[in-house]
């Protein structure tokens, strides 16, 4: 008899997790190259204890089976910094992870470290198409990154940034700090479209997230009032049944 | 409730954003000021259902799993070393660096600091000093009987002494460059300190390959772009408001929970 409450409860839990996802999207509204996250719900169908159908339907619980990234491109913003590089279209930069494994990012907010090496804001080296780190001499001025990723200074060409893509980009695992990891093989893009002096902004649309949030909150409330009513119904049933028994 | 603390990280981040923007705007007319930009990173992710796990014993792999992010953090506030405009001042000791390079300043404690602010003056001994009275390095003294001072693009200080026709060289200004200028530490008063992140200073005469040239009678204005800062301010404020709405809504949802019988 309590199954309907459990179904409502499964919905409350899922809605709470969706709310967390929305909160994370909002918190990262101004995070460079952040991609919005969405929840995917399915009905999880089980048989009732007696095996019967209730009103021609089997019991269906809510389950959040997957969260997926909205991979649409964020707006490209000019920053004026020569080491800010945005990827237009598909692709990820390759950086060296802390344990030597490659990590991938669309956040092209790079800088130089004390040895003149091109690194991410966390100090991880950015790799060329040959898998090598990129070094600049102190005298190298006028760093130019061409649209296809070749880096040159007035003293000549230094290397070509590696930009890769994947068969299943949604299966990349987020590692925080704008980085992704995966065990899929990276497929190099020969002619990426890069923009120097620019960064890709987060693709979160504040207004859309707001409406999603309102929706979640309303659904949450209506589910909660359903549980209230259900509770009332059961209470009433018990009272009525008890009366029948005492007669 | 996770969304409460996630939204809190968002509000905190936007607060930092506004602080950085307001510092940029406050220094709009500061000579040689370099604007700052905040850079945010997403925090760790909680795997409710791991990416790449299998959904059946036939080996089907779930396409994306359930990953819930835990908010945002301030990753860096970095300086953008873009050349500011050069403003003519007609003052003989106002110097601007066109291109890369910093003037070197000797602090009272013996440290060397670096600056792009070239508003120099002479002290009682005729030494070229900053507006705080700290001498520039290498020390240059202008004789008291000098009637004209010319500083050329490669930093040579040439003076014309009273009664002489030819200019004589009394010193050479050296500028410093770093592998990573953005790694210098700001200590206020337009001065920067060398850090492990910036790399060691290499000094040379201005105009050497890789070094900028010096312009006498000019000052470098700040590189703050007011329009850009104001638009950053607006987007930060909106993001702040939206995050506070998330907190309100989460609180609301928790409220309905406690009213459950």
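The values are calculated or read from the model by the stated rules, or taken from the named source; none is laboratory data. Quantities reported herein were computed from a predicted structural model and do not represent experimental measurements. Please note: Cβ atoms are built from the backbone with ideal geometry, for glycine as well, and neighbour counts cover all protein chains shown.
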Being farther than 21 Å from residue A:86 by Cα, more than 22 Å from the chain's Cα centre (by Cα) and in contact (Cβ under 8 Å) with a residue 40 or more places away in the chain is the filter here, so list the residues in the stretch A:172-222 that pass it.
A:219, A:220
Meets criteria (touching a helix residue (DSSP H, G or I) at 6+ places or on another chain (Cβ under 9 Å) and within 9 Å of another protein chain (Cβ to nearest Cβ)) for residue A:112:
yes
I'd like to know if the stretch A:1-13 contains one or more residues that are part of a loop (DSSP other than H, G, I, E, B) and surrounded by 16 or more Cβ atoms within 10 Å (Cβ to Cβ).
no
Can you give me the number of residues within the stretch B:73-101 that are away from every other protein chain (no Cβ under 14 Å), surrounded by fewer than 20 Cβ atoms within 10 Å (Cβ to Cβ) and part of a strand (DSSP E or B)?
3
With the structure loaded, tell me whether residue A:225 is in contact with a helix residue (DSSP H, G or I) (Cβ under 9 Å, 6 or more places away or on another chain) and either touching a residue at least 40 places away in the same chain (Cβ under 8 Å) or surrounded by 15 or more Cβ atoms within 10 Å (Cβ to Cβ) (or both) or whether it fails that test.
no
With the checklist (1) at pLDDT below 90; (2) surrounded by 13 or more Cβ atoms within 10 Å (Cβ to Cβ); (3) away from chain B (no Cβ under 11 Å) in hand, flag the one item residue A:194 doesn't pass.
(1)
(1) surrounded by fewer than 20 Cβ atoms within 10 Å (Cβ to Cβ); (2) in a strand (DSSP E or B); (3) at the interface with chain B (Cβ under 10 Å from one of its Cβ atoms) all hold for residue A:184 apart from (2)
Residues being away from every other protein chain (no Cβ under 13 Å) and surrounded by fewer than 19 Cβ atoms within 10 Å (Cβ to Cβ): count how many of those fall in the stretch B:203-220.
2
What tally of residues in the stretch B:221-261 results from selecting those that are more than 7 Å from every other protein chain (Cβ to nearest Cβ), outside any helix (DSSP H, G or I) and without any contact (Cβ under 8 Å) to a residue 12 or more places away in the chain?
1
Residue that is farthest from residue B:100 (Cα to Cα) [pool: residues in the stretch B:120-172 that are out of contact with any strand residue (DSSP E or B) (no Cβ under 6 Å at 6 or more places or on another chain) and in contact (Cβ under 8 Å) with a residue 60 or more places away in the chain]
B:152
